[in-house]
Structure formats: C-alpha cells, structure tokens
1. Hey, could you get me the Stokes-Einstein D for the chain, Kirkwood radius over alpha-carbon pairs, 20 °C and 1.002 mPa s, rounded to whole µm² s⁻¹?
2. In percent, what relative contact order does the chain have, based on Cα pairs under 8 Å that are 6 or more apart in sequence?
3. To the nearest 0.05, how large is the calculated FRET efficiency for GLU25 and GLU54 if R₀ is 41 Å and r is the Cβ-Cβ distance?
4. Out of the GluC sites (Glu not before Pro) in segment 25-93, which ones are loop residues according to DSSP with at most 12 other C-beta atoms within 10 Å?
5. With a Förster radius of 25 Å, plug the Cβ-Cβ distance of ALA131 and ASP77 into 1/(1 + (r/R0)^6) and report the FRET value to the nearest 0.05.
6. Between segment 81-141 and segment 1-40, how many Å separate their Cα centres?
Amino acid sequence: MSASPRPSLSDITRSLAALAERVAESEESPPEPYVSERLRSAVGALQGFIPGLEPAPDPEAARGLLRGAELALQRGDGRESLARALRGLSHAPHHPGLWYVAASASFELGGVEDALRLLYHTLWIHPGHRAARDDLQALTAFFEGNDEGERAA
C-alpha cells in the first residue's frame with residue numbers, strides 16, 4: 001500500500017488480485033478470517049471513491065471474469081467463483097455484478113457475514129440491483145425468523 005493513509009484505487013485493485021490468488025489456493029470453507037478482513041478493508045476503502053468517476057482498469061477482462069465466476073457458481077464451485085469475481089474486481093473495482101457474485105459465492109462457502117457485507121456494498125454501488133436487493137431481503141427475513149423462533153423456544 002502507499003504511504004498515504006488512504007489507499008489509492010490501484011492499491012485496492014492489487015489487493016483484490018492478491019486476495020483472489022489466496023482464495024484460489026485455499027482449501028478452507030468458509031474462507032479463512034484473513035479473507036474476510038481483507039474484503040472488509042477493500043469495501044471500506046472503495047467507499048472513498050465515487051463509482052464511475054475513474055475508468056475501470058480493464059472492463060473487458062472484468063466482464064469475462066464475471067462470466068467465469070457465474071459459471072463456476074452454477075457448477076457449485078463457490079471457491080472458484082469467489083476467486084474469479086475477486087480477480088474481476090481487480091480489473092473493475094466498482095462492478096456491481098462482480099460484487100454480487102462474490103456475495104453469492106461467499107454465501108455458498110458459508111461466509112454469511114461476508115455475503116451480507118458484499119450485498120450491501122453491491123447496493124451501495126447500484127441501489128437498483130434487483131437480485132442483490134432480493135437476496136438481502138431473503139437473508140434478512142431468514143435471520144429475523146430465526147430470532148423469533150429462538151425467542152419462542
């Protein structure tokens with residue numbers, strides 16, 4: 001990272017690329033706590049940048065990686081999906097579709113807290129992202145229903 005207290009967009013994209021490699025090489029499910037910590041850090045850092053103000057480093061590569069991440073998720077390979085989504089985000093850090101797939105893959109890997117955080121971030125980038133909004137509402141209803149069930153027991 002740079003010497004300044006606020007990382008640059010380039011710092012964040014390098015961090016996302018390194019995180020993609022770590023996820024791809026890991027066997028842990030859910031991913032190790034380091035992955036959650038770095039995701040939280042990246043999301044926080046990205047919120048200091050206005051989506052769309054700076055051009056994405058390589059939007060075409062990001063679109064290809066999004067397709068690969070979606071296919072991996074459809075095959076049930078959450079780890080590969082998350083790694084590809086993170087690699088795609090290193091090429092287009094404000095791409096809501098990549099954040100959404102990363103959230104979905106995190107959920108599939110058992111990282112519910114990460115999934116929620118990434119769904120919120122997807123909606124921060126694109127408040128009209130219907131699938132993210134629907135998934136967030138479903139997860140919220142599920143957890144609220146479990147809380148009521150625990151209180152009744």
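1. 137 µm²/s
2. Relative CO of the chain lands at 22 percent.
3. Values: r = 30 Å, r/R0 = 0.73.
Step by step, r from the Cβ atoms, then E = 0.85.
4. On the way: sites: GLU25, GLU27, GLU28, GLU37, GLU60, GLU70, GLU80; in loops: GLU27, GLU28.
Loop-located and lightly packed - GLU27.
5. Numbers: r = 19 Å, r/R0 = 0.78.
Rounded to the nearest 0.05, the efficiency is 0.80.
6. Answer, in whole Å: 15.
Taken together, the values in this text are just the output of simple stated rules run on the coordinates, not laboratory data. Source: prediction; values computed, not measured. Heads up, the Cβs are rebuilt from the backbone with ideal geometry, glycines too, and the neighbour counts pull from every protein chain shown.
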